[in-house]
Amino acid sequence: MSGKNPLTDPGGYASYGYVVGECLTQLGYQVDLLAFGERDEEVPTAAGRIRTFASRTVPRRTEFFPFWCRRFAREIRAALGEAEQAVVHGVGPWSLAGVLAMRKNRRIIAVGSYFTTLRNEVSWLAKGVPLDDYGFGPKARYLTAYFVVLLTLHPIERWALSRLDTVFVHYEYTRNLLEKEMGLRGRNLVTIPYGIDLQPKAALTKMPATSAGRSFEVLTVCRQEPRKGINYLLRAYRLLMDRGVTFHATVVGSGALLEAHREMTRRLDLAGCVKFPGFVPDLSECLGSANAFVLPSVQEGSGSISLLEAMSYGLPVVVSACDGLPEDVQDGVNGLLVPPADPERLADALEALARDAGLRSRLGRSAKDVYRTRFQPAAMREAFRYHYGRLFPGAIGSGG
């Protein structure tokens with residue numbers, strides 16, 4: 001597998017790669033997870049060996065993934081040794097590493113797991129920085145990045161996807177995106193169940209109650225970037241304050257717009273009730289003390305791991321009705337859906353939860369039930385058993 005290091009990288013790709021590694025290890029395959037690190041080392045885990053190799057010259061930013069993947073491809077070929085056959089399972093754009101390795105070694109089969117495309121993601125980064133909130137500098141920077149991706153990285157990603165034996169997706173939104181934007185069709189584009197292991201989780205049987213003298217606690221966990229819609233969330237919080245709703249909000253996560261969001265909080269006179277602690281390595285305390293979770297994204301690409309984590313804790317959720325999020329949240333059943341970039345509707349949904357403990361309890365129980373039934377790794381493991389069995393007929397992992 002090629003991608004980010006699940007022991008050090010906090011993002012969703014790293015967490016996902018670890019779960020895929022666990023699934024394949026449980027099926028009997030020998031798994032090596034390759035990633036850049038501070039030094040060359042191997043760490044045995046339940047998901048296989050995490051093998052890191054140091055690099056001082058290759059940037060670690062996603063937009064430089066072609067350079068990463070050339071190095072990945074060399075390491076993959078070196079790691080193969082005398083293996084008769086191997087699958088390189090890339091996560092997102094790092095699937096290019098498998099394609100490059102395959103071109104040099106025909107014992108390699110390249111597959112990938114995809115959630116969105118670079119073109120789609122960067123286009124929304126550019127759209128998500130309105131001048132009124134962020135000024136000219138960020139707008140120009142993200143627009144420049146979009147045109148760079150459109151002219152250079154998008155053709156590379158499209159080329160790599162067309163050469164993968166199988167592309168695994170977990171959302172119909174992603175499948176439709178790859179069909180429309182990348183021209184993928186047929187047997188090599190496969191939708192399978194989504195599983196993610198969110199440990200450690202608190203064993204909560206009920207949500208923290210709000211009472212007189214205790215504010216309504218709202219949690220958001222996301223990168224501080226334009227796609228996440230934090231500017232619209234802050235405007236919704238201003239509306240809640242104007243309506244007399246007592247609340248306290250925590251927005252966890254680091255990113256390029258963190259200081260801009262802190263400044264916007266001060267500008268809207270929200271500093272007393274909204275805080276931005278930055279990156280928090282262990283979210284259990286934040287999740288355990290929250291009364292609700294909100295994700296105001298204008299684009300996600302597919303779903304959200306932070307949303308699933310909130311659902312696993314039994315929190316009622318308010319999320320934007322964009323991309324794959326409506327595939328995880330049914331409005332009024334296991335959460336509340338609101339239009340993207342709509343502070344008024346976002347404030348309405350949060351106010352409803354703040355004022356109705358019964359609604360919070362009902363939605364929270366349903367959210368936890370959905371997580372338990374839909375997002376366990378077992379179903380994803382069985383899907384990999386079938387598809388890897390097709391790649392390796394008669395191999396250990398393809399048996400019952």
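Loop-located chymotrypsin sites (Phe, Trp or Tyr not before Pro) in region 228-316 (DSSP state other than H, G, I, E, B) with a sparse environment of at most 14 neighbouring Cβ atoms within 10 Å: F279. Calculated translational diffusion coefficient of the chain (25 °C, 0.890 mPa s; Stokes-Einstein with Kirkwood radius over alpha-carbon pairs) equals 111 µm²/s. Approximating the spin labels as points 7 Å out from Cα along Cα→Cβ, the S284-to-Q30 distance works out to 3.5 nm.
Under Stokes-Einstein, with the Kirkwood radius over Cα pairs as Rh, the value for region 216-374 at 4 °C and 1.567 mPa s is 85 µm²/s. The C-alpha atoms of the chain define a longest principal axis, and helix 118-127 lies at about 20 degrees to it. Helix 230-242 and the longest principal axis of the C-alpha atoms of the chain enclose an angle of approximately 20°. Between the amide H of S55 and those of G37, distances stay under 5 Å, these residues lying 5 or more places away or on another chain, with hydrogens modeled in the peptide plane. Label reach from R74 (point 7 Å along Cα→C-beta): in region 96-132, amide nitrogens under 17 Å belong to 97-105.
In the chain, the longest principal axis of the Cα atoms and the axis of helix 258-267 are about 10 degrees apart. Considering helices alone, the calculated mean residue ellipticity of the chain at 222 nm is -13000 deg cm²/dmol, with DSSP H runs of length four and up weighted by -39500 (n - 2.57) and normalised per residue.
What ratio of Cα Rg to 2.2 N^0.38 Å holds for region 257-325? Please list the in-between numbers first.
Working: Rg = 13.4 Å, N = 69, 2.2 N^0.38 = 11.0 Å.
In units of the globular-protein estimate, region 257-325 measures up at 1.22.
Every read-out reported here was derived from the displayed coordinates using simple, explicitly stated rules and does not represent laboratory data. In this text, all values refer to a predicted model and were calculated from it rather than measured experimentally. Because the Cβ atoms are built from the backbone with ideal geometry, glycine has one as well, and the counts that use them run over all protein chains shown.
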